[in-house]
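Data first, discussion second: the structure below is written as structure tokens.
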There are 2 protein chains.
Amino acid sequence: MATSTVENYIKKIYTLQFEQGGGEEANVSMGDLATSLDVTPGTATTMVKSLAKTGLVSYTPRVGVQLTAQGKELALLVLRRHRMVELFLVKVLGMDWHEIHDEAEALEHVISDRVLERIDILLGRPELDPHGDPIPDASGAIAERDLVLLVDCSIGQKVRIGRIENQEDTFLKYLESNGLTPGQDLTVVSADAQAGVISLEFGSGENRQLGFEAARKISVEVAE
Amino acid sequence: MATSTVENYIKKIYTLQFEQGGGEEANVSMGDLATSLDVTPGTATTMVKSLAKTGLVSYTPRVGVQLTAQGKELALLVLRRHRMVELFLVKVLGMDWHEIHDEAEALEHVISDRVLERIDILLGRPELDPHGDPIPDASGAIAERDLVLLVDCSIGQKVRIGRIENQEDTFLKYLESNGLTPGQDLTVVSADAQAGVISLEFGSGENRQLGFEAARKISVEVAE
DNA sequence: CCACGGACTTTGAGAATTCAAATTCGTAAA
DNA sequence: TTTACGAATTTGAATTCTCAAAGTCCGTGG
């Protein structure tokens, strides 16, 4: 079985390749990988070479890594465990939205299929984690969505918060206490490009202003 | 922080020293330790020497190991996590009593204090795990009980199942499907030393026979 | 067409954990 | 006492993961 370390590398390569990079074709550089895993470049190179030997990635020296089909499968499984655990911690254990990431980071490597399935049932086959990230299903499929940055929305659009791009603790805490969590429906009331402020209205009629800076950290689904 | 391996050694030394051995004074032999951890004796010796260096155990070559106060504290914390997780898996995730041990074995090393506290609250500050083993409280204290083997009980005694000494899957499965779980109240109706059979009565009036072999694997509290 | 700089790779080494095999210790029996 | 056996320890080596530092590759500016 894959060690925690291997799972972390594979997961990171996945997010770098598919969620921040250009998809199937994209190569993840050793530099980026090393930086985001907080190891030295030499360590990343060594590890990636060994991952390549086990068939989880394909590696071209001085170009980068890509996941193989097998690697992608593992990545999605780890992501599934991570996100399921996060949701579980919030929904079942009542933990705060902003304190769950590190817990999930540790738990994601030791959750068996059996436990995962139990949690999945308990939570009612959820599709999104508390950050709004999609949870791959047991076969590794992820529900695709069309997301745009809140800052790019035009006036009058009805939107639903999809995911939060920034995982900083203070930001999450702010959003949480202001009801700006994934799933929340909003209407863009106005946007002042000069002032850099966007105005939102909740279903309840309440209003809230957000700076462009913050509105760039929130992705939304636009209602048809 | 202690690695999983270190926690496993400390936990095993604890159970060997206190739960199967002679308590505070007892020395755990390298042989016993190695056997129950499924490593070679040389490995146990090496590891124990390094544990001694970190102050978790005191080690006398050719005599054995004992936990220091510090080691005992760690052992009780690990035991707390293990047992709490087991109970959690049964109570919250609805898993079967006999399939939880291995899961807990992995999870016990990655449960943070924060999560542990949440689970503790969710379960209502429980004192016993599903096998009937006491769960140390957050400060490491364990509720003491007076247990005797069911096989040693005399006729007419009212008893409550305290713990199951044998963790074999098939045995646990049998007990579970026959209602012989910790907490269950029973009366010893008769015992035939020649036949090696003991007869039990449930509160419901139902009766059940158990061989001495099995009755030696069940510990009970005797009602005053 | 070459030197530079930055990114990447290689190399040597160390920590943690393990095993197999050789050695040593202690004691119970002779 | 001396021996012999079983238990424990030591030794040498492998695995996995890591770092620091030295070496290599390659696109860019001159």
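Worth a mention:
- In the set (1) among the hydroxyl-bearing types (Ser, Thr, Tyr); (2) touching a residue at least 24 places away in the same chain (Cβ under 8 Å); (3) outside any loop (DSSP other than H, G, I, E, B), residue B:181 fails one condition alone, (3).
- Screening region A:16-28 for residues that are part of a loop (DSSP other than H, G, I, E, B) and more than 26 Å from residue A:102 (Cβ to Cβ) and picking the one that is farthest from DNA strand C (Cβ to nearest atom) gives A:22.
- In region A:32-56, the residues that are more than 13 Å from DNA strand D (Cβ to nearest atom) and among the aliphatic types (A, V, I, L, M): none
- Flag if residue B:155 is in contact with a Pro (Cβ under 9 Å, 6 or more places away or on another chain) and away from chain A (no Cβ under 14 Å): no
- One residue stands out among those in region B:3-15 that are surrounded by fewer than 20 Cβ atoms within 10 Å (Cβ to Cβ) and near DNA strand C (Cβ under 8 Å from one of its atoms): the one that is farthest from the chain's Cα centre (by Cα), which is B:3.
- Scan region A:196-224 for residues that are in contact with a helix residue (DSSP H, G or I) (Cβ under 9 Å, 6 or more places away or on another chain) and in a loop (DSSP other than H, G, I, E, B) and the total you get is 3.
- Matching residues in region B:99-115 - criterion: being more than 7 Å from chain A (Cβ to nearest Cβ) and either part of a loop (DSSP other than H, G, I, E, B) or at positive phi (or both): B:100, B:108, B:109, B:111
- Single match in A:67, A:37 (criterion: under 16 Å from residue A:10 (Cβ atoms), over 17 Å from the mean Cα position of the chain (by Cα) and away from chain B (no Cβ under 14 Å)): A:67
- Answer residue from region A:116-136, given it is in a loop (DSSP other than H, G, I, E, B) and under 10 Å from the mean Cα position of the chain (by Cα) and is farthest from the other protein chains (Cβ to nearest Cβ) among those: A:132
- Of everything in region B:41-60 that is more than 24 Å from the chain's Cα centre (by Cα) and more than 8 Å from DNA strand C (Cβ to nearest atom), the residue that is farthest from the other protein chains (Cβ to nearest Cβ) is B:60.
- Every pair of residues 6+ apart whose Cβ atoms lie under 9 Å, when the first sits in region B:75-91 and is touching a residue at least 12 places away in the same chain (Cβ under 8 Å) and acidic (Asp, Glu) while the second is assigned to a helix (DSSP H, G or I) and surrounded by fewer than 23 Cβ atoms within 10 Å (Cβ to Cβ): B:86/B:97; B:86/B:101; B:86/B:103; B:86/B:104
- Criterion (farther than 29 Å from residue A:107 by Cα, more than 14 Å from every other protein chain (Cβ to nearest Cβ) and over 16 Å from the mean Cα position of the chain (by Cα)) met by exactly one of B:181, B:187: B:187
Read-outs: derived from the displayed coordinates by stated rules, not from any lab. Not measured: the values here are computed from a predicted model. Neighbour counts run over all protein chains shown; Cβ positions are idealised from the backbone, glycine included.
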